C-alpha cells in the first residue's frame, strides 16, 4: 500500500487516545493537537507530530490559525475533532478548513443540533424518540413559576455540556429543593450559560447505554451498542466501565435520529433505561468519537479507521458484527471512584472485580504505548500536590458542592 494520507486529531484526552491508537496501528501518520494541561494522546508512540494550540473555548481564532499553519506540510490530511469544543469550532470554520484539508465533521447547523440540547430534544420528540420531561426557563421569574410544579428531585442541565463542565467541573446539578434550583440557575446565569430543568430518571449506572454508528447521508451503515457498568461520578458522570452488548431496543431510535439529522460520520447516542416503564430515553448525541472508542475497536469495529477510509478515500463502510461481553475499563477512574463510593454504590466486591476477571480492554494502560499512562498519572500527582484534587478523585470539581447525591439502593 502506498503511503497513507495523514490525519490531524483535534484534542488529546482519553477519547482522542482511542482514536490515535486505532489509526496509528493501521499506519496512518498522525498530528495530535493538544491544548489542556491534562492531555495525554500527544505522548502516544503513534503521534507523528504533536502541536500545542490555544484552547478553542478561550481563543477560537488562535486555535483555527494554529491548525491552518499545518496546511503547508500536512495539506490534504483528514481533520478529526474529538471533543465537543473542537467539533463546534471545526464545524463553524469548515468551509475555510476544507480548502486545505478533508474535514470529518458535520456542517455547523447539524453540529449545533447535536451539541445544544435545546435543539436536540425537540428533534428527538418529532421522531418519536422518548425523552425525559424537559422545561427550558426563559427567565428567572419563569423558573420561579416552575418551582410550584411537582419537579423535585430533578436535574439542572446545561444546553451545552462542555461549557458547563468547563465552569463547574460537573455535567449537571442534581437538585432536590426550589432553593437549590434557584441557586443553581443563578450560578449558571452568572457564568453566562443556558440551562434546562429535566426530569430525573431513577436507576443506577447500569441503566445507561450507548448506540454507536457510522452513517452516510442519514443512513446508518455500521452499528455498535454497549451498556454502562459504572460511571464517574456515580449516576451523573461519564463511564468508567462499559460492556459491549447487542441492545436491540436502541437500534430503531438511534436510526431515526441519524436519519432526521441527515447525518454523515460517526455518532454516539446515549440513552438511559427508565425502570418505571422499561423504556430507553435519550440523554444526548455526541458527534465525535466517544470515551470508550477502544472498546468497539477491540470488539471488531474500528470506527476511526472506517471514518478515515471514508473521508480520505471515499470507501463506504460495510455492516460488521461485533463481539459482545467485552469490558472497557478506565483503570485510574474506576479505582478512585470505587474506593470513594463503595459504601454508596450497590455493588459487592465480586461486582467490582468482574470486569477485571473477564475479557477487557484498558482505556489508557498499554505496555506497547505506555507514555500516555505515565503522562496521566504524572499530571494527577501534580494536581494532588497543588491541592487541586482530593485524594481518591481523579479530576477537580467532579462532584459539585450543590449536589446532594442520592444514596443508591438495589431499587435504584
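Structure values in brief
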read-out	value
Solution diffusion estimate, µm²/s, Stokes-Einstein, segment 1-109, Kirkwood Rh from C-alpha pairs, 4 °C, viscosity 1.567 mPa s	95
Cα pair distances of the chain binned at 20 Å [whole percent]	27, 62, 12, 0
Inter-part distance where segment 5-45 and segment 256-284 are each reduced to a Cα centre, Å	27
Inter-label distance, nm, simple model (7 Å from Cα along the C-beta direction), residue 385/residue 321	5.2
Along principal axes, Cα extents of segment 230-343, largest first, whole Å	51, 33, 22
Per-residue [θ]222 nm for the chain (sum of -39500 (n - 2.57) over DSSP H runs n ≥ 4, rounded to 500)	-10000 deg cm²/dmol
Beta bridges by DSSP in the chain, antiparallel share as percent, to the nearest 5	70
Kirkwood Rh (inverse of mean 1/r, distinct Cα pairs), segment 133-199, angstrom	11.6
Gain on full stretching of the segment that runs from residue 119 to residue 45 - 0.36 nm per residue minus C-alpha separation	22.7 nm
Translational diffusion coefficient (Stokes-Einstein; Kirkwood radius from C-alpha pairs) of segment 323-378 at 20 °C, 1.002 mPa s, in µm²/s	170
Burial ordering of 308, 313, fewest other beta-carbon atoms within 10 Å first	313, 308
Cα centroid separation, segment 195-211 to segment 122-170 (Å)	13
Rounded D (µm²/s) - segment 276-334, Kirkwood Rh over Cα pairs, Stokes-Einstein at 4 °C, 1.567 mPa s	92
Gain on full stretching of the segment that runs from residue 65 to residue 371 - 0.36 nm per residue minus C-alpha separation	107.3 nm
Residue order, fewest to most beta carbons within 10 Å, for 270, 96	96, 270
Burial ordering of 354, 272, fewest other beta-carbon atoms within 10 Å first	354, 272
Residues residue 140 and residue 262, FRET efficiency given R0 of 41 Å [Cβ-Cβ distance, rounded to 0.05]	0.65
Theoretical gain in end-to-end length, residue 99 to residue 190 [0.36 nm per residue, Cα-Cα removed]	28.9 nm
Antiparallel bridges, percent of DSSP beta bridges restricted to segment 205-385 (to nearest 5)	90
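Every number here is computed from the coordinates shown, using simple stated rules; none is lab data. Fair warning: this is a prediction, and the values are worked out from it, not measured in the lab. Cβ: placed from backbone, ideal geometry, glycine included. Neighbour counts: every protein chain shown.
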